[in-house]
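Here the structure is laid out as structure tokens; the discussion comes afterwards.
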Amino acid sequence: MYSPSSRPSLASDAPIGIFDSGIGGLTVAHAIAQAMPAERMLYFGDTAHMPYGDRSPELVRTYSVRIAEFLAAEGCKAIVMACNSASATAKAAVEACVDHDIPVIDVVAPVVQQLGREGAQRVGVIGTRATIGSGIYGKSLREVQHDRGIPDGHVEEWPTPLLAPLIEEGWQSHELMLPVIQGYLEAAGWCAGDERRIDALVLGCTHYPLAEEAFSRVLGPQVRLIDGPAIVAKAVAHALTVRGRLASADGPSVQHQFMVSDLTENFVQSAQRFFGKEVHLVPGGPWFQH
Ligand code: DGL
């Protein structure tokens, strides 16, 4: 457990710590930067151990705890688990390893709460094997539908493990992306033309927002895509607001820090696609080789 006695004070100008198995979480970082331009982020991508989606829950927990302890030690005022696979398996472990004064925001709960508020009835969820195998979306969405008395609530989950590697390759708009998405969604029975079983689709992997257009083409206009990163950014803003820790808008222009556990050749280029602008890497973080 990270010792509070050695913790730097959680001032509003402290960075928001954010992590993912690699670059997918940069879609969440991008949404946070859009929603709160005055906030500084310290992003850690665990590229040495990705993909988390194919790892055991125990291993994802071990990696997540190590990263969260590092971010807390760096004085982060909040920790964002910008990875569905980690959020699905390691939220409690991460909360337990950092001081309770540091809010931990995962990417599953805010989306589930939002769908509950909207009264979403027939929801489909796609994600990695780790996320779908955990059943977290189905369980928590059914709970929220039940608690809110949403009539005819219905949730279906489907693993789509090939999509994250394809998107990471930059193939989100490639002609081969459509048949792969089509294959998965047809197998799930959610495609345009099928008797429609879902009204909303949760993109339960932080890579997937990059392929939004391909999903829309396959699903047709009747199925709403849920914009996870924007919803999570709102949850982060809320967590900081209630603690009086929002960065001041008249502060100096912010410089984010990005770290990875293994710098691969195409990381910087791919990271730029996910974050929407150039990413400057700094050396450091857990597993950093000097
Ligand atoms: N970004 C991760 C997620 O949201 C998926 C990539 C991985 O498997 O590491 O689950």
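Taking only the alpha-carbon positions of the chain and ignoring solvent, what does the Debye formula give for the base-10 log of I(q)/I(0) at q = 0.08 Å⁻¹?
The computed values of log10 I(q)/I(0) come out as -0.32.
Under unit Cβ charges (Lys, Arg +1; Asp, Glu -1), what dipole magnitude, rounded to 20 debye, does the chain have relative to its Cα centre?
Values: 22 positive and 32 negative charges, 109 e Å.
Result for the chain is approximately 520 debye, rounded to the nearest 20.
GLU118 to ARG273: FRET efficiency via 1/(1 + (r/R0)^6), r the Cβ-Cβ distance, R0 35 Å, to the nearest 0.05? All intermediate terms of the calculation are to be shown ahead of the outcome.
Numbers: r = 30 Å, r/R0 = 0.85.
The computed FRET efficiency comes out at 0.75.
Hey, which lysines would be in cross-link range of LYS91, C-alpha to C-alpha under 16 Å, not counting anything within fewer than 8 residues on its own chain?
Within reach: LYS139.
Kindly rank 107-120, 36-49, 145-158 from highest to lowest mean number of other beta carbons found within 10 Å of each residue.
On the way: 107-120: 20.1, 36-49: 21.7, 145-158: 15.1.
Per-residue Cβ counts within 10 Å, averaged per peptide and sorted highest first, yield 36-49, 107-120, 145-158.
Quick one: dipole size for the stretch 60-135, taken about the Cα centre, charges +1 on Lys/Arg Cβ and -1 on Asp/Glu Cβ, in debye to the nearest 20. Intermediate results must be reported in sequence, preceding the final value.
Details: 7 positive and 7 negative charges, 75 e Å.
The calculation lands at about 360 debye.
Whose amide H sits under 5 Å from the amide H of LEU42, counting only residues 5 or more places off or on another chain, with H placed in the peptide plane?
ILE16, GLY17, ILE18, GLN257
Once you keep just the Cα pairs under 8 angstrom separated by 6 or more residues, what percentage relative contact order results for the stretch 156-290?
It rounds to 20 percent for the stretch 156-290.
Evaluate the relative contact order of the stretch 139-205 (contact order divided by residue number), counting alpha-carbon pairs under 8 angstrom at least 6 apart; express in whole percent.
On the way: 23 pairs, mean separation 12.2, N = 67.
In percent, rounded to a whole number, it is 18.
Name the aspartates and glutamates eligible as straight-distance cross-link partners of LYS234: C-alpha to C-alpha under 17 Å, and not fewer than 8 places from it in the same chain.
Those aspartates and glutamates meeting the cut-off are GLU39, ASP106, GLU118.
Check LEU225: other-chain or 5+ apart residues with amide H under 5 Å from its amide H, H built from backbone geometry?
Amide H to amide H, under 5 Å and 5 or more residues apart or across chains, LEU225 pairs with LEU201.
In the stretch 192-290, what trypsin sites (Lys or Arg not before Pro) fall in a loop by DSSP, with at most 11 other Cβ atoms inside 10 Å? Before the final figure, lay out the partial values.
Numbers: sites: ARG196, ARG197, ARG217, ARG224, LYS234, ARG243, ARG245, ARG273, LYS277; in loops: ARG196, ARG197, ARG243, ARG245, LYS277.
When the trypsin sites (Lys or Arg not before Pro) of the stretch 192-290 are filtered for loop state and at most 11 Cβ neighbours within 10 Å, LYS277 remain.
Please give the FRET efficiency for ALA96 paired with SER173, using the beta carbon to beta carbon distance and R0 = 45 Å, rounded to the nearest 0.05. Display every interim value, and only then the final one.
Numbers: r = 41 Å, r/R0 = 0.91.
So, using R0 = 45 Å, E works out to roughly 0.65.
Would you pull out the residues with amide H under 5 Å of SER21's amide H, same chain only if 5 or more places away, H placed 1.01 Å from N?
Placed amide hydrogens put ASP46 under 5 Å from SER21.
Normalising by the residue count of the chain, find the relative contact order in percent from Cα pairs under 8 Å and 6+ residues apart. Present the calculation step by step, with values, prior to reporting the outcome.
Numbers: 556 pairs, mean separation 76.1, N = 290.
With pairs under 8 Å counted, the relative contact order is 26 percent.
Output ³J(HN,Hα) for the stretch 168-175: one whole-Hz value per residue in order, computed from phi by the Karplus curve 6.51 cos²θ - 1.76 cosθ + 1.60 with θ = phi - 60°, and x for Gly and Pro.
Result, rounded to whole Hz: 4, 6, x, 8, 4, 10, 5, 4.
Between ASP199 and LEU281, take the C-beta separation as r, use R0 = 41 Å, and let me know the FRET efficiency to the nearest 0.05.
0.50
Values in this text are rule-based calculations from the coordinates and carry no lab data. Since this is a predicted model, take the numbers as computed values, not measurements. As a convention, Cβ positions derive from the backbone with ideal geometry for all residues, glycine included, and neighbour counts pool all protein chains shown.
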